[in-house]
Amino acid sequence: MDRCIVLVDAGYLLGAAASLLAGEPSRSRITVDHPALIQALRERAESETERPLLRIYWFDGAPDRVPQPEHRRLRVMPRVTVRLGALTRSDGRWAQKGVDAAMHAELTELARNRACSDVVLVTGDGDLLPGMMAAKEHGVAVHLWAVQAADGDYNQSEDLVAEADERRVLDRAWITQAVRAKELTGVCAPPPVPRPEIAAILSAPLPESALAATAERPAEQNTPPAAAATANGTQERAVAPKGVPTPKDLAALRAPGAQPVQQPTTATLRWSSDKGWVDRPGAVTEPPEVASMPTLAQLTTAEQRWADREEDITTVGGDPYEVGQVFARRWMSRLGDQGHLQRLSQLYPRIPHRIDGELLRYAARFGLLAHKDDQIDEHDRYAIRAGFWREIDVPAAAENVAGE
């Protein structure tokens, strides 16, 4: 058949692109416009083989072979078929299992059935050499594409390169049509806009117990360790630097009679759900007006739930900040009592525990959980909650202006 087929090893393509653009092979260092990437692959394959495209096969790994958001978006695109191998973790490293075998089986089956005249392979693994040789024996022309190596050297098996009928390099200019390196600014999320209630909290004095603990703390403990994520989606409180209130301290400062004092201008707030703000095993509960706030699940109909899943698959990219915004936008749009929004705004930067837990569970759908036994990265938690509050803040601020 005078058609071409493209077989893509996503681990190789995106890992090599990350090395080229970001200096290391971690796919978390790049953002990918998958529709643009698929279109670019199709146009180049049809141009170089001078054959119409039959299909693009996208081979990738996933924990327990469960499709991640990018896989769900890819598999609903025209002429795209997703094949998943396992993604396993050993000695702190992730490794694909079964991807090469799946590519080998697909390549040989397509050639044996004469489903195409040309096959484009985007891979670097020498394990595909027997499949490539078998395809050639069945009269299929094999085109091997490489991603430009960051060091200018080969990033493919030399045997694979030698056996291919045609060889091409996807250079930086081609890659950047659909792939970008993430900018590392040293912060985990854009800072929220200034809020007067936060300024009031920061200007209030610390409780005497907190001040005493701060004074007694050794100098080498002033730098806070990273907060540890707990199983229920919250963060345990880390030791705060001198002069900066912890979430527990801030909750205590809401008591009447606190006198404002000047705090350091460099003071920062810690993000936390309500569960991190109370002593254990203290039986402190949320105020009734907070506990009565409905969750997104309670506000969502079956039809809306279906539409939400479609939106998650087709348009939500999975960036932590964006995920928080999407969740907040849906929650706000379905609120019957807008008074809940005003009360929530007054709790900033806290998120009621039920809503915070639901937010983190929603975020886990987008691959922010690297493995089913892992927790969401601390920096991603900051970004998720920052996105949530940035979306909440706009209508809340408008209501405050309208009420004045």
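No value in this document is a laboratory result; all are computed from the given coordinates. Keep in mind that this is a model prediction, so the values were computed, not measured. Please note: Cβ atoms are built from the backbone with ideal geometry, for glycine as well, and neighbour counts cover all protein chains shown.
A compact table of results
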quantity	calculated
Translational diffusion of region 4-181, µm² s⁻¹ [Kirkwood Rh, Cα pairs; Stokes-Einstein; 10 °C; 1.306 mPa s]	97 µm²/s
Rounded to whole Hz, the Karplus (6.51, -1.76, 1.60) HN-Hα couplings of region 33-49, x for glycine and proline	8, 4, x, 5, 5, 5, 5, 5, 4, 5, 5, 5, 5, 5, 5, 7, 8
Region 314-329 versus region 147-171: alpha-carbon centroid distance in Å	37 Å
Protection proxy ranking of 103-109, 121-127, 169-175, 333-339 - average other beta-carbon atoms within 10 Å, highest first	121-127, 103-109, 169-175, 333-339
Distant-in-sequence amide H partners of R55 (H built 1.01 Å from N, under 5 Å)	V6
Share, in percent, of DSSP beta bridges within region 4-181 that are antiparallel, nearest 5	20 percent
Burial ordering of Y154, Y348, fewest other beta-carbon atoms within 10 Å first	Y154, Y348
Under-5 Å amide H pairs with A146, H placed in peptide plane, nonlocal only	R168, V169, L170
Where labels lie 7 Å past Cα in the beta-carbon direction, separation of D159 and E24 in nm	3.2 nm
FRET efficiency, A105 to H379 (Cβ-Cβ, R0 45 Å, nearest 0.05)	0.70
Calculated from backbone phi, Karplus (6.51, -1.76, 1.60) coupling profile of region 169-180 in Hz, x at Gly/Pro	10, 8, 7, 4, 4, 6, 4, 6, 5, 9, 10, 10
Relative contact order (%) - criterion: Cα under 8 Å, at least six apart; region: region 19-82	28 percent
Amide H contacts under 5 Å for V82, placed H, 5+ residues apart	W58
Rounded if a/c under 1.5, otherwise prolate or oblate - region 7-86, Cα gyration tensor axes	oblate
Hz values of 3J(HN,Hα) by residue in region 133-139 - Karplus curve (6.51, -1.76, 1.60), Gly and Pro given as x	5, 5, 4, 5, 5, 8, x
Backbone N under 16 Å from the S333 label point (7 Å along Cα→Cβ), restricted to region 303-323	303-317, 322-323
Average Cα contact separation per residue, region 1-116, under 8 Å, 6 or more apart, as relative contact order %	28 percent
